[in-house]
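Inspection log for the structure reproduced underneath, given as structure tokens.
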Amino acid sequence: MFDINNVIAEYIETSENRKALEKKEKELKKAIEQFNNNKPFNTDIYSVYFEARKREGLNTKELYKDFPDIKKEYGTITEYYIIHATEKAEEKTA
């Protein structure tokens, strides 16, 4: 059996670590991109190149505004939840 308090503590720690790692990843990516102005380059260890990609999407807010019937016919609702866990402050006794 597991201790739910340990699970929650590990969840919070993992979430905080993920956020810190994502921030660090963005900083490092920016440094690599700026190193050679997004042009391929080699070091004595690495070969670096940049691949441009595109992602197509729909502005559903505008689409639904202009064509409200589309939302009724093709719109979807996805339900999800977010866990908010914080450590309780110890109760102070007077």
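Couple of notes before you dig in:
- Considering residues of the stretch 66-78 that are surrounded by 10 or more Cβ atoms within 10 Å (Cβ to Cβ) and under 28 Å from the mean Cα position of the chain (by Cα) only, the residue nearest to GLU13 (Cα to Cα): GLY75
- Flag if TYR81 is under 30 Å from ILE4 (Cβ atoms) and either surrounded by 10 or more Cβ atoms within 10 Å (Cβ to Cβ) or not charged (D, E, K, R) (or both): yes
- Where a residue in the stretch 49-64 is farther than 16 Å from THR76 by Cα and assigned to a loop (DSSP other than H, G, I, E, B) and its partner, wherever it lies, is of a type in the set (Phe, Trp, Tyr) and modelled with pLDDT of 90 or more, with Cβ under 9 Å and at least six apart: TYR49/PHE41
- Selection from the stretch 1-49 of residues that are surrounded by 10 or more Cβ atoms within 10 Å (Cβ to Cβ), closer than 30 Å to THR86 by Cβ and of a type in the set (Phe, Trp, Tyr): TYR11
The values are calculated or read from the model by the stated rules, or taken from the named source; none is laboratory data. Treat the numbers as computed from the prediction; the structure is a model and nothing was measured. Backbone-built Cβ (ideal geometry, glycine too); neighbour counts: all protein chains shown.
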